[in-house]
Amino acid sequence: MKPARARPSLAVFKFASCDGCQLSLLDCEDELLALAGAVEIANFLEASSRVLAGPYDLALVEGSITTEHDARRIREVRAQSRTLVTIGACATAGGIQALRNFADVKEFTSIVYARPEYISTLATSTPISAHVPVDFELRGCPVDKGQLLDVITAFLRGRAPGVRAHSVCLECKRRGAVCVMVARGTPCLGPVTHAGCGAICPAYDRGCYGCFGPKESPNTTSLASGWKALGASEAAIARAFRTYNAGAEAFRKEGDVHERR
């Protein structure tokens, strides 16, 4: 009689982040029970103190690299992970903390901390892909739990993830939401933002904030011109591109253009 085949091992690691993307996995609730039966959860400190040694078949990594310690640690995680998937805006684009990339970190620490000399941090917040090879990036702040489950299922089934690359605008159409830019003149990042949220903000008459980062080949220049026609200032445009995905290349470049004007 052949021994039962061991389940694939899953590890979840955290770097500089708010834990929101890990919580998205825990929020799967009923689906999480099925997942626990399909994989061996070997390392997930947000959920359990039980830790099994690697190597791991699949590693989910949340958070950006902001310290020398983390820069070394992510290389160790990569070395013991057969497949590495980054989850969330921090891991894929540096997160909201990438705003430090546009300022003087020493000045920040001198204002925030009573003893800044004890703070050991890098001048930048960078995505995981800037330090090690990444097998797949799942965007969002936080990630969508449906997309997260699809990525894990894709790994288990040996197929490509079914996460689509279209923009939030398509989600608005599917939801039946009125375009806030056309109907109300509200600036919206939806045309250049990766889908995944279900167009939550536009459905409630708010412009998209770009939580899921830039979609493939985003025409940020055209969108910025449209915003100007609506009366948006250069400062407002630069600020809009510098939020949760400020470090994403397309958003960073467009923000830089309008900051210099």
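Does LEU84 qualify as being in contact with a Pro (Cβ under 9 Å, 6 or more places away or on another chain), outside any helix (DSSP H, G or I) and touching a residue at least 40 places away in the same chain (Cβ under 8 Å)? Yes: the conditions hold for LEU84. Out of ALA130, ALA79, one residue alone is out of contact with any strand residue (DSSP E or B) (no Cβ under 6 Å at 6 or more places or on another chain), modelled with pLDDT of 95 or more and over 29 Å from GLY255 (Cα atoms). It is ALA79. Residues in segment 229-247 that are surrounded by 23 or more Cβ atoms within 10 Å (Cβ to Cβ) and in a loop (DSSP other than H, G, I, E, B): PHE241, ARG242, TYR244, ASN245, ALA246, GLY247. The set of residues in segment 117-129 being surrounded by fewer than 16 Cβ atoms within 10 Å (Cβ to Cβ) and not in a loop (DSSP other than H, G, I, E, B) consists of GLU117, TYR118, SER129.
Looking at segment 166-211, which of its residues are polar (S, T, N, Q) and farther than 20 Å from SER24 by Cβ?
Selection gives SER167, THR186.
Would a scan of segment 29-38 turn up a residue that is outside any helix (DSSP H, G or I) and modelled with pLDDT under 90? The answer is yes; a qualifying residue exists.
If you check ILE200 against the conditions, is it surrounded by fewer than 18 Cβ atoms within 10 Å (Cβ to Cβ) and either under 19 Å from LYS173 (Cα atoms) or more than 20 Å from the chain's Cα centre (by Cα) (or both)?
Yes, satisfied.
Of all residues in segment 248-261, those being in a loop (DSSP other than H, G, I, E, B) and surrounded by 19 or more Cβ atoms within 10 Å (Cβ to Cβ) number 1. Residue pairs whose Cβ atoms lie under 6 Å apart, sitting 6 or more positions apart in sequence or on different chains, and linking a residue in segment 48-71 that is farther than 17 Å from ALA38 by Cβ to a partner that is assigned to a strand (DSSP E or B) and charged (D, E, K, R), are GLU62/LYS14; GLY63/LYS14.
For segment 138-187, taking the residues that are of a type in the set (Val, Ile, Thr) and surrounded by 16 or more Cβ atoms within 10 Å (Cβ to Cβ), the one that is nearest to ASN245 (Cα to Cα) is identified as VAL143.
The values are calculated or read from the model by the stated rules, or taken from the named source; none is laboratory data. All values derive from a computational prediction rather than experimental measurement. Cβ atoms come from the backbone with ideal geometry, glycine included; neighbour counts cover every protein chain shown.
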